[in-house]
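Chemist: Pasting in a structure now, in structure tokens, and then I'll have a few things to ask.
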């Protein structure tokens, strides 16, 4: 029998809130909240029905703690999950864009004990209804209990990140060897020592990117602690004398600057593994953290029986982190060397597989070829130690590239469960949610965790900007993009995402400015040229689009990709006749890549060559990199407003194959419906919806969708007038009027750009 509510209890919707015990309950389910989460809920309750600003929440909920708006977004997201408020239409907490949050659930004070006694006589009439309610609760009690356990686990994990909980950053060890030749070994030692400490469940460890940002900066540890939101710093140095090394380490309280512990290890190089374990144990002891048997087992799992194998492994980790094609090849050789010296070294199998996977983007190596080599390595690692979290992080990344999305998510879940300090696993899982699943809310939560673990890595903030764009929260997205650019101003990715943010709002002049800045940093990234050319073409500047792509041809050497994009320019300039000649000269249909073959099919459709379009689709289906799961890819639909599945449907319609066309249109409709349920609010979704509806003959609803797209920033009016997607709308007056308005707006932007270039 549960205890009666306290005199301070509050009923919020279906939940009974007990501030005295920091708990909320509903039926048989009771969830313990962190004190800060309860303060957040009470702050919203106090102003129920009114908007509570981000600034007020930071002042009242995070009193005495220096945090930013990201902490509020994350905390509100967590509170929504606990309350079960995850549907597109909220029932508890509503977001008021650029202002704050508002509690919309009904709130009432629960009667005090004396008041309840006075009304006891009337309780009999309510007992029957209560019993019926209990029966309904019992039906779903198992599912609720599981959800509660997940929430409790989540909050237990979150408790690591409170200011008082132990946290640490391992700064790059300094090479004191006379000729400074051992810095790669020091870097590998630093990273792996950080990984060892990450196996201690109660300790939050700042990730590598943020730690290595302080290399050579000689900054006050208190400032480092404030910047990284950590309360301890471990720093060290190494000097080698032949096969002997002297490693000096010191543990510092980042809040006071006081030294807590220091030690000097005079060891043989062969004792590197034992030394790392000794340092990890000493850190845990000085932070008063008890090493559990599981933590001890995980430390031992990262070892090798062969000292030389471990040294090769540490050097390989250094070279892999440099992320160039040359350094990655060096890492592959060192991992193989480590395995030759110790065939039972599980970590070396894992990271050899990871280095091989990196060849997909560093050397354009086909993923099926990589998988054939990497999968046996990961299987061996599982046989050696199935509890090694690194296995699941790397295997999840491999499966993601193979479009095995659900299996990849399962692996990332396992990696995070085994190692909550793995910022890369959070980033990769967030990417899967956003790109492959079309679930921006879930992605946002993962990127927030990655940002906490690695605060000086711009990628989580840039990805947050992307997820917020998808949700139509453009003000908050701009803040995240600004943070990303501030953290790493010379990284092209935050600049690229900033250009997408501007384009998502129809501000193509601003998008082109950010794109130009990104190109100045990364002149060899083809996608930057592709986007620039498409935006120029949308604004009616084909000459600039062509110039952009020819520059890409010279600087990126992506011949096939350039010819693909030039097809759009050629069609814009010369129509079907010019496009047919371009396709004949570039032989795009001879590509071995599914992406290019689907493009070729679409361009053949524009020329009216239906048989050639069908042949290109058949070749795409047979290509090594084809994945059926990618036909209605949520990212392509929501980001670009197109899909390979739509191309198949269009060609099938022209060929008279109604069954195939409808099957793909149905699949695309399901993807669009799911994106909307998941909170997507980008114009590309409405543009694609208009296309599907037009092809189905529903002109009125197609126009409603296209009008919404235009209101959100859609500008592809030239293509709408000439592509077959929405040809059923061409004769409608409202279509012509809408296109005329968008064309006029594009003309204004075009004039402005031309004047600026003079």
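The values are calculated or read from the model by the stated rules, or taken from the named source; none is laboratory data. Predicted, not measured: the structure shown is a model, and the values here were computed from it. Here the Cβ positions follow ideal geometry from the backbone for every residue, glycine too, while neighbour counts run over all protein chains shown.
Chemist: Determine which member of the set 646, 631 is touching a helix residue (DSSP H, G or I) at 6+ places or on another chain (Cβ under 8 Å) and touching a residue at least 60 places away in the same chain (Cβ under 8 Å).
Modeler: 646
Chemist: Of (1) outside any helix (DSSP H, G or I); (2) under 19 Å from residue 190 (Cα atoms); (3) not assigned by TED's automatic domain parsing to the domain that holds residue 225, residue 312 satisfies all except one. Which?
Modeler: (1)
Chemist: Sticking with this one: Would you check which residues across segment 563-599 are more than 19 Å from residue 533 (Cα to Cα), touching a helix residue (DSSP H, G or I) at 6+ places or on another chain (Cβ under 9 Å) and surrounded by fewer than 19 Cβ atoms within 10 Å (Cβ to Cβ) and list them?
Modeler: 576, 577, 581, 585, 587, 590, 592, 593
Chemist: Quick check on residue 414: is it surrounded by fewer than 20 Cβ atoms within 10 Å (Cβ to Cβ) and under 27 Å from residue 594 (Cβ atoms)?
Modeler: Considered against the rule, which asks whether it is surrounded by fewer than 20 Cβ atoms within 10 Å (Cβ to Cβ) and under 27 Å from residue 594 (Cβ atoms), residue 414 comes out as no.
Chemist: Residue check: is residue 690 in contact (Cβ under 8 Å) with a residue 40 or more places away in the chain and part of a helix (DSSP H, G or I)?
Modeler: no
Chemist: Further, regarding this structure: Please go through (1) part of a helix (DSSP H, G or I); (2) farther than 30 Å from residue 623 by Cα for residue 343 and return the number of the only condition it doesn't satisfy.
Modeler: (1)
Chemist: Looking at segment 654-674, which of its residues are over 13 Å from residue 696 (Cα atoms) and free of Cβ contacts under 8 Å to residues at least 40 places away in the same chain?
Modeler: 656, 657, 660, 667, 670, 672, 673
Chemist: Here's another thing I want to ask about it. Given the criterion in contact with a helix residue (DSSP H, G or I) (Cβ under 8 Å, 6 or more places away or on another chain) and touching a residue at least 60 places away in the same chain (Cβ under 8 Å), identify the matching residue among 434, 409, 466.
Modeler: None of the others qualify; the one that does is 434.
Chemist: Still on this structure, I have one more. For segment 10-46, name all the residues that are modelled with pLDDT under 85 and in a loop (DSSP other than H, G, I, E, B).
Modeler: 20, 21, 22, 27, 28, 33, 34
Yes/no matrix, rows are residues, columns are (1) assigned to a helix (DSSP H, G or I); (2) surrounded by 23 or more Cβ atoms within 10 Å (Cβ to Cβ); (3) touching a helix residue (DSSP H, G or I) at 6+ places or on another chain (Cβ under 6 Å):
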position: 601; (1), (2), (3): yes, yes, yes
position: 612; (1), (2), (3): yes, no, yes
position: 615; (1), (2), (3): yes, no, no
position: 618; (1), (2), (3): yes, no, no
position: 621; (1), (2), (3): yes, no, no
position: 652; (1), (2), (3): yes, no, yes
position: 659; (1), (2), (3): yes, no, no
position: 662; (1), (2), (3): yes, no, no
position: 676; (1), (2), (3): yes, no, no
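Okay, residues lined up against (1) more than 14 Å from the chain's Cα centre (by Cα); (2) assigned to a helix (DSSP H, G or I); (3) buried (at least 23 other Cβ atoms within 10 Å of the Cβ):
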position	(1), (2), (3)
456	yes, no, no
461	no, yes, yes
464	no, yes, yes
468	no, yes, yes
478	yes, yes, no
484	no, yes, yes
489	yes, no, no
494	no, yes, yes
497	no, yes, yes
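Chemist: Consider segment 417-435. How many of its residues are surrounded by 20 or more Cβ atoms within 10 Å (Cβ to Cβ) and closer than 24 Å to residue 196 by Cα?
Modeler: Qualifying residue count for the region: 12.
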